[in-house]
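Visitor: Before I ask anything, let me first share the structure, which is written out below as structure tokens.
The values are calculated or read from the model by the stated rules, or taken from the named source; none is laboratory data. No experiment lies behind these values; they were computed from the predicted model shown. Backbone-built Cβ (ideal geometry, glycine too); neighbour counts: all protein chains shown. When the accessible area is computed, the model is the full protein with side chains, heavy atoms only, and any ligands, DNA or RNA have been set aside. Shrake-Rupley method; radii C 1.70, N 1.55, O 1.52, S 1.80 Å.
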Amino acid sequence: MATIPTQPFAGQKPGTSGLRKKTREFMQPGYLENFIQSVFDAVDLDGQTLVVGGDGRYFNREAIQTILRLAAGNRVGRVLVAKDGILSTPAVSCVIREHGAAGGLVLSASHNPGGPDADFGIKYNASNGGPAPEEITERIYRRTLEIDEYRMVDGYVDLERLGSTRMGKTDVEVIDPLADYVALMEKIFDFDRLRDFLRGDFRMRFDGMNGVTGPFAREIFENLLGAPEGSVIRATPLEDFGGEHPDPNLTYAADLVAELAGAHGPDFGAACDGDGDRNLILGRGSFVSPGDSLAIIADMAPKCIPAYRNGLAGIARSMPTSMAADRVAASLGIPCFETPTGWKFFGSLLDAGRITICGEESFGTGSNHVREKDGLWAVLAWLSILAHTGQSVSDVMQDHWRRFGRSYYQRHDYENISSSAADAMMSSLRGRLGALVGMEMAGSRIRVADDFSYTDPVNGSVTKNQGTRLLLEDGSRAVIRLSGTGTEGATLRLYFEAYSKDEIAQNPSERICPLADAVGALLELNARVGRAAPDVVT
Ligand code: G16
């Protein structure tokens, strides 16, 4: 074993979902080693089991070899590492839970592009299978500021061959990435029912976006459920995601959206992001916004998915996510929790059995089966709904809106803007919050203007400054916050929601436009960040 002296790198502070940086920053000598050693210093994994897997992006394999050497140097008892180093984020969560591991390392920058000039990321997940809570990420960060050495054992593991080898005193097991996850899906959903459905006239297209879900989707949809070959496209994980942005939304999954727009397209379209935790759901000519998807799945799951037949304990959504799920929770007589952005905040509610299903506007939906959002789970949930109702995606949405009313929703992203301009804009807004109450906005008045703060109902931890909320008297909302996952400059996210009980057929853009314009003017957006229009609208 070698002990290697090192010096701290600045800025190794985990954000919304782990440490995300430019790949070249991660590739600097000692950078990855420092961060991983800090994890081992902050969390005692001596003699314990650790799961390691990534989304297959550029630098994934080298990083895993370094992590294995560090794990051996820190006397981790056993490492379960996926074959080829490729494991989706929800599958990492599943493997941690199935094997009683103490934790896991997820190598991914999620939906961000991959390659030497693109993005890389690492996240530590705890023994519940979920992203480490802030108390742990803070401890890791503090350690990165004072680290002066890391410990390694020399060695190399062939990731292409299943089986066990030893590195120092550590057992390294290369595992089949699909087995545990696919078995879990078979337990949750009625595969016989889905097989009948997919072998009929119904046509689906799943876009793996050259990310990690391709092999999982081929196995589940084509091999096990009998969807025709070719139903799954872009199914081979590529180091640079084919030079594309593996983010399943209307902008970056434009080809799939176009295919579904045609009168002769498939009945159903879906896509997942690079690491398989996000999902996009499309019908022929229709798009299911993530807030509606959460609400519809929560409403329908007890009726058509075996694992939820006994009902739901509760629902949770992140604060900027539309309030459609709140209305479903009210109708079911169960609680609905509003958390800060970040899947990690659902963990304690799931562990305590307070919620069964949760979701976010950022195309994340999931349940208590793992502690990550789960793209393929969401696709299987929608297929179960369609098989049960016999309706089209569009009809399912119309029925839902007729019963509950409709939350018109849009998110506008301004990417890679100047950090100092973004910070100045946010602090100017914060300074004016008190004066905004009562102000006229988009035909209504501001009722509440505040900064969202959250007290975890299970463990009492308090998280402040999680986004500025403008709540209007007519039930509309605008939320303004800076992203915690970007790697270049700042990304400003503006979230807009307007509710209608009876008018369910308006154009979302037209409905949202007055509110978006008013917020843009309030923020002095154009003058401060020099952008007339958002880069991405979802
Ligand atoms: C991550 C988190 C999500 C969060 C999203 C956006 O998703 O896991 O909980 O909603 O980032 O965060 P932000 O608005 O701060 O950029 P992923 O899929 O990138 O891991």
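Visitor: By per-residue mean of other Cβ atoms within 10 Å, what is the highest-first order of 256-262, 159-165?
Guide: Taking the mean over residues of other Cβ atoms within 10 Å, the ranking is 256-262, 159-165.
Visitor: Then there is this: So which trypsin sites (Lys or Arg not before Pro) in segment 191-264 are both in a DSSP loop and have at most 12 other Cβ atoms within 10 Å of their Cβ?
Guide: Filter output for segment 191-264: Arg199.
Visitor: So, with +1 on the Cβ of K and R and -1 on the Cβ of D and E, and no other charges, what is the size of the charge dipole of the chain about its Cα centre, to the nearest 20 debye?
Guide: In total the dipole reaches around 860 debye.
Visitor: Residue by residue, what Karplus-based ³J(HN,Hα) values in Hz, rounded to whole numbers, does segment 447-458 have, using 6.51, -1.76 and 1.60 with θ = phi - 60° and x for Gly and Pro?
Guide: So the J values, rounded to whole Hz, are 8, 9, 10, 8, 9, 6, 10, 10, 10, 5, x, 8.
Visitor: If you take the beta carbon distance between Arg445 and Ala183 as r and set R0 to 41 Å, what does 1/(1 + (r/R0)^6) give as a FRET efficiency, to the nearest 0.05?
Guide: 0.15
Visitor: Based on the alpha carbon coordinates of the chain, what radius of gyration and maximum Cα-Cα distance (Dmax) apply, in Å?
Guide: Both quantities, over Cα of the chain: 22.7, 69 Å.
Visitor: Report D for segment 34-136 in µm² per second (integer): Stokes-Einstein, Kirkwood Rh on Cα pairs, 10 °C, 1.306 mPa s.
Guide: In µm²/s, the coefficient rounds to 118.
Visitor: Over segment 181-404, what per residue volume does the convex hull of the Cα atoms give, in whole Å³?
Guide: 111 Å³
Visitor: To continue, here is another question. From the phi of every residue in segment 486-501, what ³J(HN,Hα) in whole Hz does the Karplus formula 6.51 cos²θ - 1.76 cosθ + 1.60 yield, where θ is phi - 60° and glycine or proline is x?
Guide: Karplus-based 3J(HN,Hα) across segment 486-501 equals x, 10, 9, x, 10, 10, 8, 10, 10, 10, 10, 9, 9, 9, 10, 6 Hz.
Visitor: Only helical DSSP H runs with n ≥ 4 go in: add -39500 (n - 2.57) per run for the chain, normalise by residue count and round the 222 nm mean residue ellipticity to 500 deg cm²/dmol.
Guide: Estimated from H runs of four or more residues: -10000 deg cm²/dmol.
Visitor: Further, regarding this structure: Roughly speaking, to the nearest percent, how much of the chain's 1.4 Å accessible area is carbon and sulfur?
Guide: 46 percent
Visitor: Please compute the per residue accessible area over the chain with all protein chains in place, 1.4 Å probe, rounded to a whole number of Å².
Guide: Roughly 36 Å² per residue, with all protein chains present.
Visitor: Can you tell me the alpha carbon radius of gyration of segment 345-407 divided by the globular rule-of-thumb value 2.2 N^0.38 Å?
Guide: With N residues counted in segment 345-407, Rg over 2.2 N^0.38 Å equals 1.28.
Visitor: What distance in nm separates the two pseudo spin-label positions at Glu134 and Ser164, each 7 Å out from Cα along the beta-carbon direction?
Guide: Each label point is offset 7 Å from its Cα along the Cβ direction, giving 4.1 nm.
Visitor: Now, a different point. About the Cα centre of segment 406-537, how large is the charge dipole given +1 on each Lys and Arg Cβ and -1 on each Asp and Glu Cβ? Please answer in debye to the nearest 20.
Guide: Here segment 406-537 has a charge dipole of around 220 debye.
Visitor: Follow-up question, since we're still on this one. Applying the Karplus parametrisation 6.51 cos²θ - 1.76 cosθ + 1.60 with θ = phi - 60° to the phi angles of segment 462-470, what ³J(HN,Hα) value in whole Hz is obtained for each residue in order, glycine and proline being reported as x?
Guide: Once rounded to whole Hz, the list reads 10, 10, 10, 6, 9, x, 8, 10, 10.
Visitor: Return the Cα extents of segment 2-177 along principal axes one, two and three, sorted largest first, each rounded to a whole Å.
Guide: Taking max minus min along each principal axis of the Cα atoms, segment 2-177 gives 38, 35, 29 Å.
Visitor: At 7 Å along the Cα-to-beta-carbon direction for both Glu473 and Arg531, put a label point, then send me their distance in nm to one decimal.
Guide: Rounded to a tenth, the inter-label distance reads 3.3 nm.
Visitor: Same structure again: Whose amide H sits under 5 Å from the amide H of Ile86, counting only residues 5 or more places off or on another chain, with H placed in the peptide plane?
Guide: Gly54
Visitor: Follow-up. Between Ala421 and Gln7, what is the label-point separation in nm under the 7 Å Cα-to-beta-carbon projection?
Guide: Modelled inter-label distance: 3.4 nm.
Visitor: A further question follows. Would you grab the residues whose amide H sits under 5 Å from the one on Met441? Only those 5+ places off in sequence or on another chain, please, with H modelled 1.01 Å from N.
Guide: Ile446
Visitor: Going highest first, how would you order 101-109, 442-450, 333-341, 491-499 by mean Cβ packing within 10 Å?
Guide: Ranked from most to least packed, the peptides come out as 101-109, 491-499, 333-341, 442-450.
Visitor: Also, quick follow-up: Tell me, what is a quarter of the convex hull surface for the C-alpha atoms of segment 406-537, in nm² with one decimal?
Guide: 9.1 nm²
Visitor: Go through 300-310, 319-329 and give me the packing order, highest mean Cβ count within 10 Å leading.
Guide: So the peptides 300-310, 319-329, ranked by packing, come out 319-329, 300-310.
Visitor: Another one. Roughly how big is segment 360-416's charge dipole about its Cα centre, with Cβ charges of +1 (Lys, Arg) and -1 (Asp, Glu), in debye to the nearest 20?
Guide: Computed charge dipole of segment 360-416: roughly 260 debye.
Visitor: Taking every DSSP beta bridge that has both residues in the chain, what percent is antiparallel when rounded to the nearest 5?
Guide: Rounded to the nearest five, the antiparallel share is 70 percent.
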